[in-house]
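Below: the structure, in structure tokens.
The values are calculated or read from the model by the stated rules, or taken from the named source; none is laboratory data. Just so it is clear, the model here is predicted, and its values are computed rather than measured. Note: ideal-geometry Cβ built from the backbone for every residue, glycine included; neighbour counts use all protein chains shown.
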Protein chains: 2
Amino acid sequence: MALARLLTAVERGDGQAVESAFALPVDQSGQVVGVTGSPGAGKSTLIDAVVATLRAVDERVGVLAVDPSSPYSGGALLGDRIRMMRHVGDHGVFIRSLANRGHLGGLSVAMPSAVRAVGACGFTTVLIETVGVGQAEVEVVRQADTTVVVTTPGMGDAVQSGKAGVLEIANVLVVNKADREGATETARDLRDMLRWAPTPAGGWRVPVVTTRADTGEGVEELVEVVRSHRSHLEDSGELARGRAARSVAEFHAYARARVLDRLDRSLAADTGRALTEAVADGTLTPAAAADRLVAGDGRPQG
Amino acid sequence: MALARLLTAVERGDGQAVESAFALPVDQSGQVVGVTGSPGAGKSTLIDAVVATLRAVDERVGVLAVDPSSPYSGGALLGDRIRMMRHVGDHGVFIRSLANRGHLGGLSVAMPSAVRAVGACGFTTVLIETVGVGQAEVEVVRQADTTVVVTTPGMGDAVQSGKAGVLEIANVLVVNKADREGATETARDLRDMLRWAPTPAGGWRVPVVTTRADTGEGVEELVEVVRSHRSHLEDSGELARGRAARSVAEFHAYARARVLDRLDRSLAADTGRALTEAVADGTLTPAAAADRLVAGDGRPQG
């Protein structure tokens, strides 16, 4: 419950909450897994199946669902509530939606601090689920150690994923809805595409797993593959390197958010309001007003 | 040529160039016209026809083409060069592409400063052309006094425009490629859609103009309608209000860009680099590092 409250504050852009989250250490033993793919690929159902598999071996799992393009979490929250019902009373599962409320750095700050907080609370596997697939989603799954891209039978979808640059970020590829026509062909096509891709740093070759999230078929294999990617990351040193890079990105994003937050407050204060009025009535140009508000050393005045 | 150099510097994110542009007064006698719509709607050809019509009555015209989603202006530049050839030696036409280079506030700073600079150089009509249609494009055309949304026959396109929220921002709607099947129906459907829209502030009813950019059919009517929207804005006081609001937005965007620019320089300096290293090797959390870099008053240190 304390975690839920912290995340609500983080989403609202509460500086102290964000600071608390960013002051938490990264849980080095855990794994953060990003799950992305086109809407309708069955990501939510697949994540449910993964959660069930992990719970069967008593692992604590956190799920963070995020829609970077939407400032509303209404739709996602409804989905949460439905899924929550299945896990009611299970303290080993934590599920939460994050919306892009656009405060204190928006998701670029809220997501990493939420991931930190969930991990630090003992949820050793944190799944990040994105609603859509696009540049904003790619940014979100950069928070993950391992990125799973979910597609469905039919090359159109896979080609679209290729276009959106999603295949490049995949550490594991899933062809979900494997009972549908063309599943074998899609998996083969994806393997062909991957064969032409340059060998990635560290030598990990992206596996293609076929699943049926509705029946659980292939889900254990998926979990094994995701785990083996973590071992690979650890052995190659990529895990530590990736996490260090993410901590640095968090530091920079948070510093930016703080500076902007301070500027916004300065714009809302007396000097800022007077300058805004002067710009509106044309007695000051935007540049002159910025000069007076922000000193040469970047310190907001007034 | 001086204008072209200034815009190159603005696009690069050169603080002094942006400052120069923002220190220019808004040309009160001119009109900034945003042109948006799906790719393939014929926006470029239509803008060419509009430029020709305006040149026939000796008006000086600036065209700023912008692709908010792309950091590369290569493609747009090629199109520019082709179009430029038609206007070679005509000092009454200025054409320029702006790409989203992501420096000093990106397009949120580069666009308005470019619009200011072009207007201040005596190009009384400034046309802003967006490549696609989406949220980023909507932001770009907010720089305009008048927004023209271009569609083509076939309801699909119009409905898509409605979905993307583009119809809401239209002051003038164009059905281009009017020789195509279904043009009359599309114009009628759009007029029907508009009939159900709430009466806008100021009482302007959005006109629907059918054009053939390739032959110039309907283009004079389009120019007249665009001009009458300007008269309407002036008479209702909306022109002054809109420009005041944009100047304020420019002031805020530029102040933000300056503060962030200063922070980036501070991150690249000794203290910032040392803090970044400490975060990377885990001896400092992101929050603690931000604390040391950014004092409580928002002033970057070191």
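Here is the figure for the range A:1-25: residues that are more than 16 Å from A:F94 (Cβ to Cβ), aliphatic (A, V, I, L, M) and buried (at least 21 other Cβ atoms within 10 Å of the Cβ) total 2. Residues in the range A:12-27 that are part of a loop (DSSP other than H, G, I, E, B), more than 9 Å from every other protein chain (Cβ to nearest Cβ) and over 16 Å from A:L107 (Cβ atoms): A:D27 alone. Can you find a residue that is facing another protein chain (nearest Cβ under 7 Å) and without any contact (Cβ under 8 Å) to a residue 60 or more places away in the chain anywhere in the range B:204-215? Taking every residue of the range B:204-215 in turn, none turns out to be facing another protein chain (nearest Cβ under 7 Å) and without any contact (Cβ under 8 Å) to a residue 60 or more places away in the chain. Among the conditions (1) touching a helix residue (DSSP H, G or I) at 6+ places or on another chain (Cβ under 7 Å); (2) on the phi < 0 side of the Ramachandran plot, the only one that A:A268 does not satisfy is (1). Hey, any hits in the range B:282-297 for a residue that's more than 9 Å from chain A (Cβ to nearest Cβ) and charged (D, E, K, R)? Yes, the conditions are met somewhere in the range B:282-297. Residues in the range A:195-220 that are out of contact with any helix residue (DSSP H, G or I) (no Cβ under 7 Å at 6 or more places or on another chain), on the phi > 0 side of the Ramachandran plot and modelled with pLDDT under 95: 1 in all.
You will find that of B:V35, B:V61, B:V57, B:V50, the residue that is closer than 21 Å to B:L233 by Cβ, in contact with a Phe, Trp or Tyr (Cβ under 9 Å, 6 or more places away or on another chain) and more than 14 Å from chain A (Cβ to nearest Cβ) is B:V61 and no other.
If you go through the range A:218-266 and keep only what is among the acidic types (D, E) and either under 25 Å from B:P286 (Cα atoms) or within 14 Å of chain B (Cβ to nearest Cβ) (or both), you end up with A:E234, A:E238, A:E250, A:D261, A:D264. The criterion of at least 3 residues that are at pLDDT 80 or above, of a type in the set (A, V, I, L, M) and in contact with a Gly (Cβ under 8 Å, 6 or more places away or on another chain) is met by the following helices (runs of 4 or more DSSP H) wholly inside the range A:87-183: A:107-120. Condition first: buried (at least 19 other Cβ atoms within 10 Å of the Cβ), under 18 Å from A:A288 (Cβ atoms), in contact (Cβ under 8 Å) with a residue 40 or more places away in the chain and not hydrophobic (A, V, I, L, M, F, W, C). Now tell me which residues in the range B:229-260 satisfy that. Once the filter is applied, which keeps residues that are buried (at least 19 other Cβ atoms within 10 Å of the Cβ), under 18 Å from A:A288 (Cβ atoms), in contact (Cβ under 8 Å) with a residue 40 or more places away in the chain and not hydrophobic (A, V, I, L, M, F, W, C), the range B:229-260 yields B:R246, B:S247, B:E250, B:Y254, B:R256, B:R258.
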